[in-house]
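Asker: Could you have a look at this structure, given as structure tokens, before my questions?
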Amino acid sequence: MRGEFSTVTLNSKHEAINERENDFFVAPSLSATYKIAENQDLSLALSRRIGRPTYPQLIPYMSMVDATTYEQGNMHLDSEKATKMDLSYSLHSEVINLFVNGYLNYTTDYISQVTKMNGERLITTYANADKDLKTGVDLSLKVTPAKWFNFSVGANTYYVTTDGVFEGAHIDNRGWTNNSNLLLDFAPWKGGDIQVQYFVTTPQYYPQLTTSLTHQMNIGFKQRLLKGAMTVSVLLTDVFNTAKWEVWSHNNLFDLKNNSKNKSRMLWLGVSYNFNSFKQRGGQKSENDRSLIRLGM
């Protein structure tokens, strides 16, 4: 059980604002594990968390992106509160490693990036949607049929629905999404490693926005030399030049469509040499930044 008390103060002489808001949040958590067999586990986890708005999301003043596009924060944002449940199954053996996780995440006052029109200006800002529900299954599978070859499959399939209204505009969306990747790992000779990885993301559904399907393939090669002291690496990303970012919005205020290539195809060459080796003692554990807000998925 964790309790958090926070105070938010808004003070602006220019806007004649002097407000203070206190909030106390209780975050219980519960987890249990049942060992089905020597190499199989079943676990259940329940948790609550709070996501507070970040400083840039609260700044009420506009900043220009271009001649017609502006960004603006919302100083009246509330913290989002989420309840999550996970039911997981894991299997570990010399050949197969499998992890399956079914989850449900329900968030109230979901902080969403939204757009609105002000004359001919398009303004991007932030608002609290009423609720956001995300439920799905996360799968991770690694199979090692031989010493020189293994493959891994990762897939996250979920349904998301968001409901809310901001200044007369609906900030809701819903649909099924799948993020998958396949990794083939070959070690055809001593010290050599060849990896082929393919990513596929089906349309994703954000409040007000929907993205199109995208996919790409990366190929990497690594060779260790001089008894492992030297490593030569080659990586080619987006082999077929298919990666893109395409998003559109159709609502009761405006229609918007945006296309971007995101990152260009890249060829990366690297050579590293270890003159000496050492083992680091101890180490520090980094805490997750609980103030970080993950927009969208």
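Quick note: the coordinates plus some simple rules give every number you see, no bench work behind them. Model, not experiment: these values are computed from the prediction. Virtual Cβ from ideal backbone geometry, glycine too; neighbours counted across all protein chains shown.
Asker: Excluding same-chain residues fewer than 8 positions from residue 222, which aspartates and glutamates have a Cα within less than 12 Å of its Cα?
Answerer: Within the straight-line cut-off, residue 222 pairs with 185, 193.
Asker: For residue 37 and residue 92, compute 0.36 nm times the residue count separating them, minus their Cα-Cα distance, and round to one decimal in nm.
Answerer: Net length gain for the segment: 18.8 nm.
Asker: Additional query: Arranged by the count of other C-beta atoms within 10 angstrom, fewest first, what order do 185, 130 take?
Answerer: 130, 185
Asker: Which entry in (i) 23.2; (ii) 19.3; (iii) 24.5 is this structure's computed Kirkwood radius over Cα pairs in Å?
Answerer: (i)
Asker: Just need the relative contact order of the stretch 40-273 here, percent rounded to a whole number, with Cα pairs under 8 Å and 6+ apart. Could you put the intermediate results ahead of the total?
Answerer: Working: 626 pairs, mean separation 26.9, N = 234.
Relative contact order here is 11 percent.
Asker: Give me 19, 120 sorted ascending by neighbouring Cβ count inside 10 Å, so fewest comes first.
Answerer: 120, 19
Asker: Sticking with this structure for a sec: Within the set of other residues whose C-beta is less than 14 Å from the C-beta of residue 212, count the net charge using Lys and Arg as +1 and Asp and Glu as -1.
Answerer: With Lys, Arg at +1 and Asp, Glu at -1, the neighbours total +2.
Asker: Right, another one. Out of the trypsin sites (Lys or Arg not before Pro) in the stretch 166-226, which ones are loop residues according to DSSP with at most 11 other C-beta atoms within 10 Å?
Answerer: Working: sites: 174, 190, 222, 224; in loops: 190.
Answer in residue order: 190.
Asker: By the scheme Lys and Arg +1, Asp and Glu -1, what is the net charge of all other residues having a beta-carbon under 14 Å from that of residue 154?
Answerer: Combined, the nearby Lys, Arg, Asp and Glu give -1.
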